Amino acid sequence: MPSYDPNAMPLTALINLDKPLDYQGYVDAGGYQGARKAILEMQPSDVLDLVKDSGLKGRGGAGFPTGMKWSFVPMFADDDEHKPDNKYLVCNADEMEPGTFKDRYLLEGVPHQLVEAMIIAAYTINANKAYIFLRGEYFLCAKRLQAAIDQAYENGWLGSKIQGSNYHLDLYLHTSAGRYICGEETALINALEGKRANPRAKPPFPQVSGLFGKPTIVNNVETLSNLPHILKHGADWFKALSPDSDPGTKIYGASGRVKHTGLWEMPMGMTVREVLYGKAGGLQDGLKLRGFLPGGASTDFLTEQHLDVPMDYDNISKVGSRLGTAGIIVLDDQNCPVGMILNLLKFFAQESCGYCTPCRDGTPWVVEILTRIENGQGTIDDIDTLNKLCDFMWLGKTHCALAPGAVEPLRSGLKYFQDDFIQHIEQGCCPLKKDQIGVGFKDPNPMQESPQIYKGFEHE
Amino acid sequence: MTLASLKYQQIKAVNIDHRSYLSAEEISEIEHETTLLEYREAAGIEALKIVQKNRGWISDDSLYAIADLLQMPVSQLEGVATFYNLIYRQPVGTYVIHLCDSISCYLTGFESIADYLQQELGIGFGQTSADGLFTLLTNACLGGCDKAPVMMIGENHYQSLTTDSIKAILAELKAKANGSKEGEQ
């Protein structure tokens with residue numbers, strides 16, 4: 001186990017979920033020093049170089065280097081005739097990935113940290129307007145963020161002439177109304193523009209033409225939250241947080257039937273075992289580990305053999321999955337893998353925006369087949385069809401990454417839990433629900449939900 | 001058949017003047033939202049939420065009135081309204097129960113909670129109880145995975161649900177609704 005300083009938790013050190021720090025409390029705890037340094041002592045290009053140097057990567061799931069993303073924003077001289085009237089910074093707080101709750105923790109616990117971070121990021125790309133795109137269900141976050149924004153305005157951190165400089169920034173909170181696809185950056189931009197939130201084609205990339213057709217940067221809450229600390233302590237400090245892996249810390253989570261569910265900030269590159277057994281205390285008594293999704297619903301399953309894989313972008317990719325949001329979802333031996341994959345796919349089928357055919361038709365098709373298998377009505381051919389669908393919905397064949405995200409748990413599930421699929425088919429029921437045959441399945445009205453499935457075997 | 005020979009059904013154009021339909025407070029609240037964005041129609045989702053907050057749901061008339069206020073095609077606003085889980089295009093009960101059905105809740109007992117809620121309320125998902133108090137819906141991940149199963153009613157999230165805790169929550173809400181009815185009389 002690599003050694004690390006258990007106290008080095010920059011992101012979560014100030015979190016208080018019951019009563020977050022108000023402006024004065026946050027300043028007393030060292031807050032707004034990063035933003036002060038950026039705006040009063042540094043040029044935007046200096047901040048950009050610092051963030052590039054720090055090696056910060058996007059924490060929303062894709063892991064794209066933040067500094068590089070920012071550098072795609074065109075910078076204009078003041079007298080340039082092509083200079084757009086505005087650029088935008090948008091914080092993606094539309095956290096809706098099943099099994100992920102880290103952003104909520106940050107927003108409820110230390111809202112000023114995000115406000116400060118957004119000031120730094122907006123200053124770097126020279127944006128004068130910024131939006132926080134918050135999911136509609138997070139009412140408490142909305143209340144606390146709005147209070148933090150108001151206090152930042154009162155104390156000269158937002159509005160015109162921030163802290164006596166020439167820089168001005170307006171920050172607004174937008175609350176969405178609940179749709180997973182809004183977390184996709186171009187869909188988020190459409191949603192902010194008041195349009196139906198279908199993802200856009202890329203290019204043009206938002207960094208060049210995004211919100212209202214202007215250069216726009218969209219960053220995740222956790223990514224942005226690192227900025228005040230990078231500004232305050234420097235790039236070397238940030239890299240030293242996790243010497244053997246991607247720079248910085250990561251907020252890991254665990255949910256499912258483990259002893260202690262929760263979130264823990266630790267250096268990047270902790271092994272799965274350290275999170276799942278070191279922090280979450282392993283599975284609840286009497287349960288065994290079957291597998292887990294390392295970073296939310298749209299990542300590939302991993303199993304016991306991967307417990308010692310370090311959780312960072314590269315190492316998790318090497319074993320065929322993705323770090324995603326690092327919210328580990330644990331499958332125990334008393335839950336059915338087919339049922340779990342069915343639940344995941346139902347989510348993706350429901351949240352598909354319906355724009356492209358592979359996703360709109362493919363995800364419900366998978367749900368139909370999996371429902372059949374889970375209810376003991378599947379055939380061996382169904383597994384072939386599922387494998388074909390994994391191919392039909394893969395990257396490059398869809399408009400955005402939602403359908404490929406749905407494929408990830410499906411294809412890896414087919415690989416690791418193949419025996420379970422075959423048992424369902426051969427035994428004509430879910431092995432875990434064998435005792436309940438005759439008692440009836442949980443679904444009270446299966447006919448109403450998917451009539452087309454049942455037509456087929458009425459005649460049998 | 002040529003295109004011209006097709007008989008089109010005449011669709012009645014509906015125009016609802018927002019000034020006669022929306023309240024002054026609603027209009028000023030929506031107007032405030034439009035100032036935060038670059039053009040008026042961008043405030044569509046905010047407008048829908050403001051009207052829904054006052055009226056419980058978005059009727060066709062509300063939709064026409066908002067489209068009129070924001071000077072946008074009603075079809076575009078309908079596209080937005082039907083896109084989101086939290087905009088209700090049908091009447092709902094006093095309390096809308098959003099039960100999370102995503103993976104962490106599924107793994108920790110969603111099914112038994114869902115069964116219990118349906119039994120207790122006597123309705124299925126997507127339905128409203130006969131007394132008009134409760135509408136039961138599922139919701140994608142509510143972000144309470146560490147304290148699953150969870151549900152959301154109004155602005156409150158209820159976590160670590162058990163059948164006992166649900167019983168208490170429902171009883172409390174019923175008492176609250178009955179109390180406010182008596183208060184009105």
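The table below gives the values:
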quantity	calculated
For A:128-137, mean number of other protein chain Cβ atoms within 10 Å	3
Separation of alpha-carbon centers, segment A:282-321 and segment A:33-56, rounded to whole Å	35 Å
Binned Cα-Cα distances of the protein assembly as shown, short to long, each 10 Å bin given as a whole percent	3, 15, 25, 27, 19, 9, 2, 0
Sorted peptide list for B:62-69, A:153-160, criterion being average Cβ within 10 angstrom, highest first	B:62-69, A:153-160
Globularity index of segment A:95-156, i.e. its alpha-carbon radius of gyration over 2.2 N^0.38 Å	1.17
Members of segment A:193-216 that become less accessible by 30 Å² or more once partner protein chains are added (1.4 angstrom probe, chain alone as reference)	A:193, A:194, A:195, A:196, A:212
Mean accessible surface per residue for segment B:95-184, computed with a 1.4 Å probe while every protein chain stays in place, in Å²	41 Å²
Cα centroid separation - segment A:331-372 against segment A:109-177, whole Å	37 Å
Cα gyration tensor shape of segment B:18-83, rounded if a/c is under 1.5, else prolate or oblate by comparing a/b with b/c	rounded
Efficiency of FRET between residue A:379 and residue B:60 - r from beta-carbon atoms, R0 51 angstrom, step 0.05	0.65
Beta bridge orientation in segment B:95-184: antiparallel %, DSSP, nearest 5	55 percent
Span from the segment B:118-134 Cα centroid across to the segment A:211-228 one, whole angstrom	42 Å
Percent of beta bridges antiparallel (DSSP, segment B:27-185, rounded to nearest 5)	55 percent
Residue B:157 accessible area, 1.4 Å probe, all protein chains in place, Å² to nearest 10	50 Å²
Chain A - accessible surface per residue (Å², probe 1.4 Å)	39 Å²
Charge context of residue A:186, other residues only, Cβ under 13 angstrom, K/R +1, D/E -1	0
Range in chain A, longest, excluding exposed trypsin sites (Lys or Arg not before Pro) [loop by DSSP; at most 11 other beta-carbon atoms within 10 Å]	A:289-460
Per-residue average of Cβ from other chains inside 10 Å of B:37-44	5
Longest to shortest principal axis, alpha-carbon extents of chain B, angstrom	61, 51, 35
Cβ-based net charge around residue A:45, under 14 Å, with every Lys or Arg adding one and every Asp or Glu removing one	-3
Largest to smallest principal axis extent of the C-alpha atoms in segment A:241-400, angstrom	46, 38, 24
Binned Cα-Cα distances of segment B:95-184, short to long, each 10 Å bin given as a whole percent	17, 53, 24, 5, 0
Kirkwood Rh in Å, taken over segment A:206-308 so that all alpha-carbon pairs contribute	16.1 Å
Surface share of carbon and sulfur [accessible, 1.4 angstrom probe, percent] for segment A:215-362	45 percent
Shielding of B:141-154 by partner chains, average beta-carbon count, 10 Å	6
Contact surface A-B: accessible area buried, both sides summed, square angstrom, 1.4 angstrom probe	4000 Å²
Among beta bridges that DSSP assigns inside the protein assembly as shown, antiparallel share in %, nearest 5	45 percent
Within the accessible area of segment B:95-184 (1.4 Å probe), percent carbon and sulfur	47 percent
Positions from segment A:65-113 whose accessible area shrinks by 30 Å² or more when the full protein complex is built, not the chain alone, probe 1.4 Å	A:98, A:101, A:104
Pairs from A:57/A:239; A:69/B:147; A:87/A:397 whose Cα-Cα separation, in the structure shown, is over 23 Å	A:69/B:147; A:87/A:397
Around residue A:272: net Lys/Arg minus Asp/Glu count, Cβ-Cβ under 12 Å	-2
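The values are calculated or read from the model by the stated rules, or taken from the named source; none is laboratory data. Fair warning: this is a prediction, and the values are worked out from it, not measured in the lab. Cβ sites come from the backbone with ideal geometry, for glycine too, and all protein chains shown count toward neighbours. When the accessible area is computed, the model is the full protein with side chains, heavy atoms only, and any ligands, DNA or RNA have been set aside. Shrake-Rupley method; radii C 1.70, N 1.55, O 1.52, S 1.80 Å.
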